[in-house]
Amino acid sequence: MRVAGILLAAGEGSRLGQPKALVQLAGETFAERGVALLRDGGTDPVLLVTGAVPVTIPTAVAVHNPDWATGMGSSLATGLRALEDSDVGAAVIALADQPLVGARAVRRLIDAYRDGAAVVVAGYAGQPRNPVLIGREHWPAVIELATGDTGAREFLRARPELVTLVECGDTGSCDDVDTPEDLARIRTVASVRSEKP
């Protein structure tokens, strides 16, 4: 079964002062980095859920969420619904505002899925974060619980017995960019990494 990628990139970035999808880091927008993360991690197709601003990336299918202002939950539901008529067996959900997540994290989630796990969460120092893989059989329940800014969190909390946690702390960073201070810090981290041989 194929595994799709869904990048949630619909927000206006009110605390940041600009839509996160368009923020530049090391010559790429957050949206471009997120799509590349999912593509390089082995997902196909990759869906880019947009909202506050139109974003087009050749290697992704853009899906507009008209309810983007209600929060991440509606964007997750939009992405999953867009895959309902496909032959995809699972979807990896990533967030545009976590630009330092590594493609190896996505590959580890897919490997766990291929080994029989239906819900897989990337862990960092043992703490569940993003990205998250959700098997098709659980999409209706995820959509039902995806409201406001919770995304898949409510589903994961309601069904902890389903979750396989896969450590990904060595593959990158799951730090969010919510404020200008966050962005400055992330840019510093990214520049240090790019200077390493």
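Within region 16-32, residues that are more than 21 Å from Gly5 (Cα to Cα) reach partners that are of a type in the set (Asp, Glu) with beta carbons closer than 8 Å, at six or more positions or on different chains, in the pairs Leu16/Asp178; Leu16/Asp182. Only one of the listed residues (Gly148, Gly126, Gly172) is of a type outside the set (D, E, K, R), within 21 Å of Arg33 (Cβ to Cβ) and in contact (Cβ under 8 Å) with a residue 24 or more places away in the chain. That residue is Gly172.
Can we say Ala62 is out of contact with any helix residue (DSSP H, G or I) (no Cβ under 9 Å at 6 or more places or on another chain) and in a strand (DSSP E or B)?
Here the answer is yes, as Ala62 does meet what is asked.
Across region 93-110, which residue is surrounded by the fewest Cβ atoms within 10 Å (Cβ to Cβ) among those that are assigned to a helix (DSSP H, G or I) and touching a strand residue (DSSP E or B) at 6+ places or on another chain (Cβ under 8 Å)? My answer is Ile110. Any chance region 56-71 includes a residue that's at pLDDT 95 or above, surrounded by 24 or more Cβ atoms within 10 Å (Cβ to Cβ) and among the small types (Gly, Ala, Ser)? Yes, the conditions are met somewhere in region 56-71. Within region 39-55, is there a residue that is hydroxyl-bearing (Ser, Thr, Tyr), crowded, with 20+ Cβ neighbours inside 10 Å and over 13 Å from the mean Cα position of the chain (by Cα)? No. Specify which of the listed residues (Ala90, Ala69) is in contact (Cβ under 8 Å) with a residue 24 or more places away in the chain and out of contact with any strand residue (DSSP E or B) (no Cβ under 9 Å at 6 or more places or on another chain). Exactly one of Ala90, Ala69 is in contact (Cβ under 8 Å) with a residue 24 or more places away in the chain and out of contact with any strand residue (DSSP E or B) (no Cβ under 9 Å at 6 or more places or on another chain), namely Ala69. When the criteria are applied in full, Ser75 fails the requirement of being at pLDDT below 95 and out of contact with any Cys (no Cβ under 6 Å at 6 or more places or on another chain). Residues in region 72-86 that are free of Cβ contacts under 8 Å to residues at least 40 places away in the same chain and acidic (Asp, Glu): Asp85 only. Taken over region 1-19, the criterion of being over 26 Å from Trp139 (Cα atoms), crowded, with 16+ Cβ neighbours inside 10 Å and either in contact with a helix residue (DSSP H, G or I) (Cβ under 7 Å, 6 or more places away or on another chain) or among the β-branched types (Val, Ile, Thr) (or both) is satisfied by Gly13, Leu16. The criterion of at least 3 residues that are in contact with a helix residue (DSSP H, G or I) (Cβ under 8 Å, 6 or more places away or on another chain) is met by the following helices (runs of 4 or more DSSP H) wholly inside region 119-197: 139-145, 153-158.
One residue stands out in region 1-46 among those that are among the polar types (S, T, N, Q) and not in a strand (DSSP E or B): the one that is modelled with the lowest pLDDT, namely Ser14.
Rundown of residues vs (1) within 29 Å of Ala26 (Cβ to Cβ); (2) of a type in the set (D, E, K, R), yes/no style:
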site: Val46; (1), (2): yes, no
site: Val55; (1), (2): yes, no
site: Gly73; (1), (2): no, no
site: Leu95; (1), (2): yes, no
site: Asp111; (1), (2): yes, yes
site: Glu137; (1), (2): no, yes
site: Leu145; (1), (2): no, no
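The values are calculated or read from the model by the stated rules, or taken from the named source; none is laboratory data. In this text the structure is predicted, and so the values were computed from the model without any measurement. Because the Cβ atoms are built from the backbone with ideal geometry, glycine has one as well, and the counts that use them run over all protein chains shown.
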